[in-house]
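K.L.:
Before we start, here is the structure in question, set down as structure tokens.
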Amino acid sequence: MTSALRPTGSTRRWRQLRAPFARHLTDVGPLPCRRCGEPITAAMRWHLGHPDHAPRALGGDDTDLWPEHDDCSTKAGARLGNHLRRLYAAGRSPDTMTTPPPSRDW
Ligand SMILES: [Zn+2]
């Protein structure tokens with residue numbers, strides 16, 4: 001049996017979800033980053049991100065996906081991870097989770 005995973009870790013389904021956005025960036029032009037609103041161009045590293053209210057870690061599905069800058073997406077993921085760790089450490093479950101607090105860029 002062969003895996004659908006590529007060395008990048010993406011699956012065929014994920015590449016299919018990403019493809020229309022990648023085509024838009026190449027053929028039409030920049031899209032605004034979900035996190036910061038600044039343009040993402042085809043030459044930039046970007047991720048297809050989930051909205052804050054439906055991350056995969058909390059059972060979110062793959063609807064409402066949108067491009068995010070590499071850095072913006074990584075920071076949002078770290079913020080979510082930290083938030084979940086604090087909840088678990090406090091003995092609370094993620095179903096009591098509210099949206100992670102916004103980052104403070106100093
Ligand atoms: Zn961004």
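The values are calculated or read from the model by the stated rules, or taken from the named source; none is laboratory data. Because the structure is predicted, anything quoted here is derived from the model rather than measured. Every residue, glycine as well, gets a Cβ built from its backbone with ideal geometry; the counts of neighbours run over all protein chains shown.
K.L.:
For the subset of region 61-76 comprising residues that are surrounded by 15 or more Cβ atoms within 10 Å (Cβ to Cβ) and closer than 17 Å to L17 by Cβ, which member is farthest from the ligand (Cβ to nearest atom)?
P.N.:
It comes out as L65.
K.L.:
Would region 77-84 turn up any residue that is under 10 Å from the mean Cα position of the chain (by Cα), assigned to a loop (DSSP other than H, G, I, E, B), closer than 23 Å to R18 by Cβ and at pLDDT 85 or above?
P.N.:
No, region 77-84 contains no residue that is under 10 Å from the mean Cα position of the chain (by Cα), assigned to a loop (DSSP other than H, G, I, E, B), closer than 23 Å to R18 by Cβ and at pLDDT 85 or above.
K.L.:
Could I ask something else about it? Of the numbered conditions (1) without any contact (Cβ under 8 Å) to a residue 12 or more places away in the chain; (2) within 15 Å of the ligand (Cβ to nearest atom), H50 fails exactly one; give the number of that condition.
P.N.:
Looking at each condition in turn, H50 falls short on (1).
K.L.:
If I ask for residues that are surrounded by 13 or more Cβ atoms within 10 Å (Cβ to Cβ) and either closer than 20 Å to S10 by Cβ or in contact with a Lys or Arg (Cβ under 9 Å, 6 or more places away or on another chain) (or both), which ones from region 33-51 would you list?
P.N.:
Residues satisfying the conditions are C33, R34, R35, I40, A42, M44, W46, H47, L48, G49, H50, P51.
K.L.:
What pairs come up if the first residue lies in region 26-37 and is farther than 10 Å from P67 by Cβ, the second is surrounded by 11 or more Cβ atoms within 10 Å (Cβ to Cβ) and not charged (D, E, K, R), and their beta carbons are under 7 Å apart, counting only those six or more places apart or on different chains?
P.N.:
T26/A42; C36/H69; C36/C72
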